[in-house]
Amino acid sequence: MSSISVGIAYLDGPRLRLSLLAAADWIDAGREELNRINVFPVPDGDTGTNFASTLRAVAEAVRRLKPTAPLPEVLKAMADTSIFNARGNSGMLLSQFLLGFRESLQDKHAAAPGDVAQAIRQGAVRLHQSLDEPVEGTILTVAREAADEAERAALETDNFAELMVRVLKHSEVTLQHTPELLSVLKEAGVVDAGAKAFVRMLEGIVRLIEGDPILPAEGPIEYDVPDAAALAEVAAERDFGFCTEVLARGEKFPPTTEIRSRLRQFGGSIVVLATEDLLKIHVHTDTPEDVFDLVRQWGTIETTKAEDMREQHRELHESQRSVCIVTDSACDLSDDILDPNGVVVVPLQIIEGDKTYLDRVEIHGGELYARMKEEGAVFTTSQPTPGAFAQAFDDATTVADEVIGVFLGGALSGTLSSAQAAAGARGLERIEFVDSRNASFGLGLLVLRAIELIEQGYNAAETKRELDRVRDQSGAFFTVDVFDNLLRSGRVSRGRAWLGGILDIKPILEVNLEGKVVPLDRVRGREHLIPRVLRHLERRLTPQPVSVRFGIAHAGAPDVAERLRADLEARYAPRTCLVADVAAVIGVHVGPGAWGIFYQVED
């Protein structure tokens, strides 16, 4: 990679493009160290991976531009790609900074040092405003201090290179002080991983300016970004040429979540309707034959149609239903429930080293538990990108007048905030959001209730009000068989995990009304767990509700689940009692042998 000559007076498109490429390479080179020191807000070891993946997507987007692309074009590619490919908390924060940076420069074709300083300031401001509870000692502190130093430097130099060197040096000093501002960092003896990623991004740019080599990270690096441009185009409602429909017959089709995922490469505005032996697909695409070839892999095509998109879209709009539900793959509802009711499911991400899987599409719970047990495989998780949510909302608004999004609890994951960011970035309206404040069937039972309400004629706002009411009188209990996974995800301390393993102590955990996992009880030995959990459940359900549903989720513990089902059906005569293997994305955190009871009171 060529360097930027020292002594430059301004930032333009080619220089920003090279800077982003260099920053992405330098983040890649330090990705494992960033993962290793990740202790805040949760020590889940994925800050480096998420930050690197997001910046790599940006780099791939600007790489596709002409080397002479003007600054506004590079800024647009940078900002748009960061929105739709932000992964994890660190990726979301990076995208906020880049959005602010672009907003400040707007249509400038050359940015003087003072302009760059203002852009860094706007990036820091936007980052701060994106946080409900800003915490000092994090990327927030370093970004603000970087802006302070940039503004001071801009008053003293007209040299962009000198400004960036000063910003980097000041940011490095600020980074070293982050443990003094955040006790969890001081206790762990590390600096904040997100803040260090930000500094390393600056360092990559300065290394480019000074001509230092950017050493690649060891080993192959695989990211889910080859089709990043396609994601942004689909989410921006590209003007595809053909409104394509296929009707196929077969014995067993893939789940609609998988079908949607496979169709993404061809276009957008996807509608999938499936029964046991029939599959109908609608997609806007430039390559209808590629869609037909894909469907032939699943069954026998009976009819196809590829017509003028505007006319087909008008006909489809006329047949829209009232409300479409969008949820995520942590809901644990079966495809037999989701598919006939047109529920759009957005897969969360499972990460193993440098490889990323889509939950329910490329990996399932059974495979995950087996690999944990037999291979000692270690996984982490990440929320869907805003781009994945934008696509899901596009699909939903294609078939319905309103959308209701019911997602994994906001206190457990950034999934809900990622969905809201996607809708906000696209300016989408007619979408109601529900924080399930739960996971697994705590989420899935709300989706099931939403299906019923919509069938009864409720609109999106009315459905949200009822789901909020039901959620606030529902809950969950669960337990784990091993502590390793909770330890890695930061849900239990190392000392407690060691003690639990030695004494065969099994925890009983509860998801409280705020959607947080809290310890409730502990039992020595597996044989005492079921009676104790049922005793806690009885206390919660006294007096006994008239209308109650249950969901029993387990991670490879079907015998326990069936025993619980028999007991709950005998005691409570519930409207519903569902049993399922917990989603792979939940299994990552609870580990093999875990199980839980989720109850939903609808009185």
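What to note about this one:
- For segment 25-102: rounded, prolate or oblate by the Cα gyration tensor [a/c cutoff 1.5]: prolate
- Estimated FRET transfer efficiency (Glu33, Glu307; beta-carbon r; R0 51 Å; 0.05): 0.40
- The angle separating the long axis of helix 88-105 from the principal Cα axis of greatest extent in the chain is about 40 degrees.
- Cα centroid of segment 21-81 to Cα centroid of segment 558-601, whole Å: 40
- The residues His554, His528, sorted by heavy-atom accessible surface at 1.4 Å with ligands and nucleic acids left out, run His528, His554 from largest to smallest.
- Computed from label points 7 Å out along Cα-Cβ, the spacing between Glu562 and Arg249 is 3.6 nm.
- Based on Cα contacts under 8 Å between residues 6+ apart, segment 32-91 shows a relative contact order of 39 percent.
- Taking 18 Å as the straight-line reach from the Cα of Lys252, the aspartates and glutamates in range (excluding those fewer than 8 positions away in the same chain) are Glu276, Asp277, Asp293, Glu302, Asp335, Asp336, Asp339, Glu362.
- Anisotropy class assigned to segment 528-603 is prolate, per the alpha carbon gyration tensor with a/c at or over the 1.5 cut-off and a/b larger than b/c.
- Approximating the spin labels as points 7 Å out from Cα along Cα→Cβ, the Leu513-to-Val184 distance works out to 2.5 nm.
- Alpha-carbon centroids, segment 127-150 and segment 348-399: separation in whole Å: 30
- Rounded tilt (10° steps) of 365-375 against the dominant C-alpha axis of the chain: 70
- Charge context of Arg296, other residues only, Cβ under 13 angstrom, K/R +1, D/E -1: -2
- Filter on Lys76/Lys196; Lys66/Lys108; Lys196/Lys355; Lys355/Lys464; Lys186/Lys373; Lys464/Lys506 - keep pairs with C-alpha separation over 29 Å: Lys355/Lys464; Lys186/Lys373; Lys464/Lys506
- Between 0 and 90°, nearest 10: helix 193-210 axis offset from the chain longest Cα axis: 30
- Looking at the chain, the accessible area is 41 square angstrom per residue; that uses a 1.4 Å probe and ignores ligands, DNA and RNA.
- Taking 0.36 nm per residue of sequence separation and removing the Cα-Cα distance, the Gln176/His364 pair yields an extension gain of 63.5 nm.
- Relative contact order, whole percent, for the chain stands at 12, derived from Cα pairs under 8 Å and 6 or more residues apart.
- For Arg571, net neighbour charge (Lys/Arg +1, Asp/Glu -1) across residues whose Cβ lies under 12 Å away: -1
- From the coordinates shown, mean projected area of the Cα convex hull in nm² corresponds to which of [x] 29.5; [y] 36.4; [z] 27.6: [z]
- Residues listed by number, segment 120-141, amide nitrogen under 17 Å from Glu156 label point at 7 Å toward C-beta: none
- Stokes-Einstein diffusion coefficient of segment 344-384, Kirkwood radius over Cα pairs, 10 °C, 1.306 mPa s, in µm²/s: 151
- Of all lysines in the structure, those lying under 21 Å Cα to Cα from Lys305, and not within fewer than 8 positions of it along the same chain, are Lys280.
- Rounded if a/c under 1.5, otherwise prolate or oblate - segment 43-167, Cα gyration tensor axes: oblate
- Relative contact order (%) - segment 500-603, alpha-carbon pairs under 8 angstrom, separation at least six: 27
The values are calculated or read from the model by the stated rules, or taken from the named source; none is laboratory data. Worth saying up front: this structure is predicted, and the values here are computed from it rather than measured. Note that we place each Cβ from the backbone using ideal geometry, even for glycine, and neighbour counts take in every protein chain shown. Ligands, DNA and RNA are excluded from the accessible area calculation, which covers all protein heavy atoms including side chains. Shrake-Rupley method; radii C 1.70, N 1.55, O 1.52, S 1.80 Å.
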